[in-house]
1. Sort out which residues of the stretch 37-65 are over 12 Å from the mean Cα position of the chain (by Cα) and among the hydroxyl-bearing types (Ser, Thr, Tyr), and write them in order of number.
2. Taking ARG66 and the conditions (1) surrounded by 15 or more Cβ atoms within 10 Å (Cβ to Cβ); (2) at pLDDT 95 or above, which numbered condition does it fall short on, given that it satisfies the others?
3. How many residues are assigned to a strand (DSSP E or B) and open to solvent by less than 70 Å² (accessible area, probe 1.4 Å) if we restrict to the stretch 34-63?
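The values are calculated or read from the model by the stated rules, or taken from the named source; none is laboratory data. Everything numeric in this text was worked out from a predicted model, so none of it was measured. All Cβ positions, glycine included, derive from the backbone under ideal geometry; neighbour counts span all protein chains shown. The accessibility values were calculated without ligands, DNA or RNA, using every heavy atom of the protein model including side chains. Shrake-Rupley method; radii C 1.70, N 1.55, O 1.52, S 1.80 Å.
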Amino acid sequence: MPIDRGYEDDDVESDEGSGRRFQDFDCPDCAANNPYDDGFGDGDEVRCFYCGQDFSVVVTEAGRLRLKSL
């Protein structure tokens, strides 16, 4: 089978879709990694433990994490 040079892991859609849960995120403001033991998903609110910014969590139908500043 030929190798697809344009393939990226992000192109693969998750089977879980918008119900996907995440264990950590990288802050869009300060780039710090924030682990969450309990996990979080669509509709939750998370806070960066380093800069203190709060975010609303949106998980797309493809299972991708989006963070919106509150």
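1. If the condition is that a residue be over 12 Å from the mean Cα position of the chain (by Cα) and among the hydroxyl-bearing types (Ser, Thr, Tyr), then TYR50 is the only one that fits.
2. Answer for ARG66: the failing condition is (1).
3. Applying the first criterion (assigned to a strand (DSSP E or B)) to the stretch 34-63 yields 34-40, 45-47, 54-59.
If we keep only those that are open to solvent by less than 70 Å² (accessible area, probe 1.4 Å) as well, we get 34, 36, 39-40, 46, 54-59.
Qualifying residue count, the stretch 34-63: 11.
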